[in-house]
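What follows is a short report on a single structure.
A short reminder: the numbers here are calculations on the coordinates, not readings from a lab. This is a predicted model, so every value here is computed, not measured. We place every Cβ from the backbone using ideal geometry, glycine too, and count neighbours over all the protein chains shown.
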Amino acid sequence: MSLGERIALARKQAGLSQEQLGDKLEVSRQAVSKWESDQTNPDVAYVAQMCRLLGVSSDWLLLGEESAQTAAPARCPGCQAIVSGLDQFCPNCGRSLREEKKPSEGYTLFLKSGDFSAREDLIRLSNTGIFSKGSPLYKPLTWDDTQTLIDSAPIVLARGLSTQQVKTLWDKLYNPGLFTFFQDCEEEDLQVLKTYPGIDPSTLPQPPREPLSFGMVVLAVVLGVVGGIFLLSIL
């Protein structure tokens with residue numbers, strides 16, 4: 001089945017004539033006729049409108065995927081209006097239809113300024129062993145290495161840091177004003193990142209302590225019993 005045949009089928013199932021569909025799309029009946037006879041193809045904007053008007057998916061209308069024909073039409077999560085896979089925003093309420101991503105739980109360490117006084121801080125940070133491969137602080141830095149980083153500032157030093165790692169690194173800094181911690185983001189422009197206000201690591205909540213493993217619990221119980229027996233023996 002061609003694109004034109006699918007348009008004709010969807011129109012008839014919606015109970016519309018070529019003229020009625022044309023009126024809704026603000027095109028002539030002849031334009032609809034040419035689409036349905038595969039003489040011309042509709043613009044993407046008209047395809048999106050037809051998907052909404054006829055209650056079909058863009059996958060079926062454009063690609064002919066049979067499974068998509070019987071599927072319920074996509075709807076806006078806000079106002080529940082029918083939308084197409086070609087819509088970035090709901091034409092009814094304006095809500096973004098892009099997949100909403102969960103905010104990142106990691107943090108970025110950013111060197112804002114190429115100040116000479118950052119050299120000792122960079123060496124202390126690189127000696128923590130916190131950083132993963134890909135970070136310029138992955139291995140202990142030499143004096144020359146720090147100069148290279150300073151010359152490259154502003155620069156991202158690490159991403160995906162945990163709350164505990166941020167607190168540890170913050171305590172190592174003698175010149176915290178040269179660095180910024182902020183939540184991981186998709187922004188790559190260093191000049192934009194340089195303007196980020198950052199967070200105060202001292203205000204971050206303490207991460208929950210990990211529960212004792214089963215072995216540690218058993219060990220604690222055994223030591224308690226042994227200690228109790230010893231105390232009874234000397235009383």
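A few remarks follow.
- Between Ser152 and Cys185, the contour length at 0.36 nm per residue exceeds the alpha carbon distance by 9.8 nm.
- Computed lengthening from Leu223 to Met1, 0.36 nm per intervening residue step minus Cα-Cα distance: 72.2 nm
- Computed E for Ala81/Gln20 - FRET, C-beta separation, R0 22 angstrom, nearest 0.05: 0.65
- Computed lengthening from Asn127 to Ser233, 0.36 nm per intervening residue step minus Cα-Cα distance: 33.2 nm
- Rounded to the nearest 0.05, the FRET efficiency derived from the C-beta distance between Arg95 and Asn41 at R0 = 25 Å is 0.30.
- Most tightly packed first, judged by the mean number of other beta-carbon atoms within 10 Å of their residues, the peptides 138-147, 106-115, 40-49 read 106-115, 40-49, 138-147.
- The stretch 1-56: projected area of the alpha-carbon convex hull, averaged over directions, in nm²: 3.2
- A Förster distance of 45 Å, applied to the separation of the beta-carbon atoms of Ser162 and Leu63, puts the FRET efficiency at 0.55.
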